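**Student:** I am attaching a structure below and will ask some questions about it afterwards.
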Amino acid sequence: MFDAEIAATLLNRWHRKGAHPGDPSPLELLQEGKLHFTHEGGDVHADDIAADRRLRVECLTFADGSRALRVTDAGGQSGWTRWTAAEPV
């Protein structure tokens, strides 16, 4: 099992439960669990920029090369998808 699979499961579980004031962030909890990762984000868009079909992407890349990612629309109004895991490429 890759680190991203573990992380995606935990992140989705924490998201379903909801955060309470004063709780550490889910990413802090992953770090406490000794899952080493880099956290990146950015926008992806179609070649036709005028079409405004941008997506925001959040990606965690783990030491084993696996990735956990989620996406939302450019404005973030649709909410984030569930975290999903990708094997190393």
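The values are calculated or read from the model by the stated rules, or taken from the named source; none is laboratory data. Not measured: the values here are computed from a predicted model. Reconstructed Cβ throughout: ideal geometry from the backbone, glycine too, with neighbour counts over all protein chains shown.
**Student:** Tally the residues that are of a type outside the set (Gly, Ala, Ser), without any contact (Cβ under 8 Å) to a residue 60 or more places away in the chain and either out of contact with any strand residue (DSSP E or B) (no Cβ under 6 Å at 6 or more places or on another chain) or more than 14 Å from GLY41 (Cβ to Cβ) (or both), restricting the search to the range 71-89.
**Tutor:** 3
**Student:** Give the residue that is surrounded by the fewest Cβ atoms within 10 Å (Cβ to Cβ), with candidates limited to residues of the range 62-81 that are farther than 16 Å from THR9 by Cα and of a type in the set (S, T, N, Q).
**Tutor:** GLN77
**Student:** For the range 33-47, how many residues are at pLDDT below 85 and loosely packed, with under 11 Cβ neighbours inside 10 Å?
**Tutor:** Residues meeting the conditions: 1.
**Student:** For the subset of the range 48-78 comprising residues that are among the basic types (Lys, Arg) and touching an Asp or Glu at 6+ places or on another chain (Cβ under 8 Å), which member is modelled with the highest pLDDT?
**Tutor:** Checked the range 48-78; the qualifying residue modelled with the highest pLDDT is ARG70.
Results for (1) in contact with a helix residue (DSSP H, G or I) (Cβ under 6 Å, 6 or more places away or on another chain); (2) of a type in the set (D, E, K, R), shown as yes or no for each residue.
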residue: ASP3; (1), (2): no, yes
residue: ALA8; (1), (2): no, no
residue: ARG13; (1), (2): no, yes
residue: HIS20; (1), (2): no, no
residue: GLU28; (1), (2): no, yes
residue: GLU32; (1), (2): no, yes
residue: LEU35; (1), (2): yes, no
residue: GLU40; (1), (2): no, yes
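**Student:** I'd like to check something: does the range 51-61 contain any residue that is more than 16 Å from THR9 (Cα to Cα), touching a Phe, Trp or Tyr at 6+ places or on another chain (Cβ under 8 Å) and among the hydroxyl-bearing types (Ser, Thr, Tyr)?
**Tutor:** No, the range 51-61 has no match at all.
**Student:** Can you run down the residue pairs with Cβ atoms below 9 Å, 6 or more apart or on separate chains, where the first is in the range 2-25 and over 15 Å from PHE37 (Cβ atoms) and the partner is assigned to a helix (DSSP H, G or I) and not charged (D, E, K, R)?
**Tutor:** If the second residue must be assigned to a helix (DSSP H, G or I) and not charged (D, E, K, R), the pairs left are TRP14/PRO26; TRP14/LEU29; HIS15/PRO26; ALA19/PRO26; ASP23/TRP14; ASP23/LEU29.
**Student:** When residues of the range 54-71 are filtered for being part of a loop (DSSP other than H, G, I, E, B), under 10 Å from ALA4 (Cα atoms) and not hydroxyl-bearing (Ser, Thr, Tyr), how many remain?
**Tutor:** The total comes to 3.
**Student:** Just one of (1) free of Cβ contacts under 8 Å to residues at least 12 places away in the same chain; (2) in contact with a helix residue (DSSP H, G or I) (Cβ under 6 Å, 6 or more places away or on another chain); (3) aliphatic (A, V, I, L, M) trips up ALA68, so point out which.
**Tutor:** Only one criterion is unmet by ALA68, namely (1).
**Student:** In addition: Provide a single number: the residues in the range 1-37 that are within 15 Å of ALA63 (Cβ to Cβ) and part of a loop (DSSP other than H, G, I, E, B).
**Tutor:** Going through the range 1-37 one residue at a time, the tally reaches 6.
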